[in-house]
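Engineer: First the structure, which I've put down as structure tokens, then a few questions once you've had a look.
The values are calculated or read from the model by the stated rules, or taken from the named source; none is laboratory data. Fair warning: this is a prediction, and the values are worked out from it, not measured in the lab. For neighbour counting, all protein chains shown are included, and Cβ atoms are generated from backbone atoms with ideal geometry for every residue, glycine included. Protein only, heavy atoms only, side chains kept; ligands, DNA and RNA dropped before computing areas. Shrake-Rupley method; radii C 1.70, N 1.55, O 1.52, S 1.80 Å.
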Amino acid sequence: MLIAQLTDIHLGFHPDDPSEFNRQRLDATVDALLAMERQPDLVLGTGDLTDHATPLSYSQLREALGRLPCPVHLIPGNHDLRAPLLEAFPSTPTADGFIQYSIEDAGSLRILMLDTLEDGRHGGGYCETRAAWLEARLSEQPDRPTLLVAHHPPIQTGIGWMTPGDSEPWIERITGVVSRHRNVVRLIAGHIHRSITTAWAGTAVTVVPSTAPQVALDLREIGRTPDQRHMIVAERPAFGLHLWNGRDLISHLGFGGPVQVLARYNEGMQPLVEHLLDERL
């Protein structure tokens, strides 16, 4: 099972420009996925799908993602609104008024899509209702490997202006639920516009960088006085590739845009490949 993850697309950052920079970056990312010899079995869009949550931007998103030949599953981020998202993607499931649901047809892996959107808040939220839903889902198939998918990572990120507080109630709530279950193989998220991996709640968190421009990699603390540090940078648009081999989830990063090929599998590379294959136990 090969799962692609697109996050923090921020389509419609320039609402009056259908060929805006963020659309170009999304198209380059989709092109990269379509060019892969092994195609993803499904794509997860992990929030901040649009920048202003307008019906037009969700329509443009539907058009852009419609090029993908596999199923696409979405959750909201803090830049999204549930109503226009659901209007553009009406087959997206909900529960208790939140865009949260399970994906049951990913082979032996179960996927739980979580809704961490908290209206009016840039950071995440996860109320008692959502936590109860997650507790019930994790309890009903306790022996099935389960991947959690969210927009906001419930961790300290090291990036001062994008990291949550030390003891935010929503983080304590979701951490408490997950720590009681041993079937969670990973939580994957976005929001930070950077690649981050860390241990959490008896499992691990993988944060995938954005298709939109990235947050600058600066691990200094930040204060209330501007210090002219870089904040947003235009590195190459990125996507996650998560390979479930039936036992482990193995995560990679891919990038949109042109690449320079330095070697191909030809007769010159054959001895190295044969040597590496012979070394396998």
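Engineer: Of the conditions (1) touching a residue at least 60 places away in the same chain (Cβ under 8 Å); (2) buried (at least 20 other Cβ atoms within 10 Å of the Cβ), M231 clears all except one; give me its number.
Structural biologist: (2)
Engineer: Given V205, V184, V177, which one is closer than 22 Å to P142 by Cβ, surrounded by 20 or more Cβ atoms within 10 Å (Cβ to Cβ) and out of contact with any helix residue (DSSP H, G or I) (no Cβ under 9 Å at 6 or more places or on another chain)?
Structural biologist: V205
Engineer: Return yes when H152 is out of contact with any Phe, Trp or Tyr (no Cβ under 9 Å at 6 or more places or on another chain) and within 22 Å of L74 (Cβ to Cβ) and no when it is not.
Structural biologist: Criteria not met by H152.
Engineer: Okay, moving on. Which is in a loop (DSSP other than H, G, I, E, B), open to solvent by less than 20 Å² (accessible area, probe 1.4 Å) and at pLDDT 95 or above, of P142, P153?
Structural biologist: When all the criteria are applied, what remains is P153.
Engineer: Just to be sure, is T211 of a type outside the set (K, R), open to solvent by 70 Å² or more (accessible area, probe 1.4 Å) and either assigned to a loop (DSSP other than H, G, I, E, B) or within 15 Å of R25 (Cα to Cα) (or both)?
Structural biologist: no
Engineer: A further question on this structure: Scan the range 100-139 residue by residue and report those that are modelled with pLDDT of 95 or more, among the charged types (D, E, K, R), under 20 Å from the mean Cα position of the chain (by Cα) and not in a strand (DSSP E or B).
Structural biologist: D115, E118, R130
Engineer: Among the residues of the range 13-39, which ones are part of a loop (DSSP other than H, G, I, E, B) and over 18 Å from the mean Cα position of the chain (by Cα)?
Structural biologist: Hits for the range 13-39 are F13, H14, P15, D16, D17, P18, S19, E20, A35, M36, E37, R38.
Engineer: Which pairs turn up if I take residues in the range 140-166 that are over 25 Å from A4 (Cα atoms) and look for partners that are of a type in the set (A, V, I, L, M) and assigned to a loop (DSSP other than H, G, I, E, B) with beta carbon separation below 6 Å, at least 6 apart in sequence or on another chain?
Structural biologist: What qualifies is G158/L219; G160/I222; W161/I222.
Engineer: Which of the residues that make up the range 158-168 are in contact with a Leu (Cβ under 9 Å, 6 or more places away or on another chain) and surrounded by 17 or more Cβ atoms within 10 Å (Cβ to Cβ)?
Structural biologist: I159
Engineer: Please go through the range 52-96 and pick out each residue that is touching a Leu at 6+ places or on another chain (Cβ under 9 Å) and assigned to a helix (DSSP H, G or I).
Structural biologist: S57, Y58, Q60, L61, A64, L65, R82, L85, A88 - these are the residues of the range 52-96 that are touching a Leu at 6+ places or on another chain (Cβ under 9 Å) and assigned to a helix (DSSP H, G or I).
Engineer: Among (1) without any contact (Cβ under 8 Å) to a residue 60 or more places away in the chain; (2) outside any helix (DSSP H, G or I); (3) at negative phi, which single condition is L44 missing?
Structural biologist: Status for L44: all satisfied but (1).
Engineer: Condition first: farther than 22 Å from A189 by Cα and exposed (fewer than 13 other Cβ atoms within 10 Å of the Cβ). Now tell me which residues in the range 215-228 satisfy that.
Structural biologist: Across the range 215-228, the qualifying residues are R220, E221, G223, R224, T225, P226, D227, Q228.
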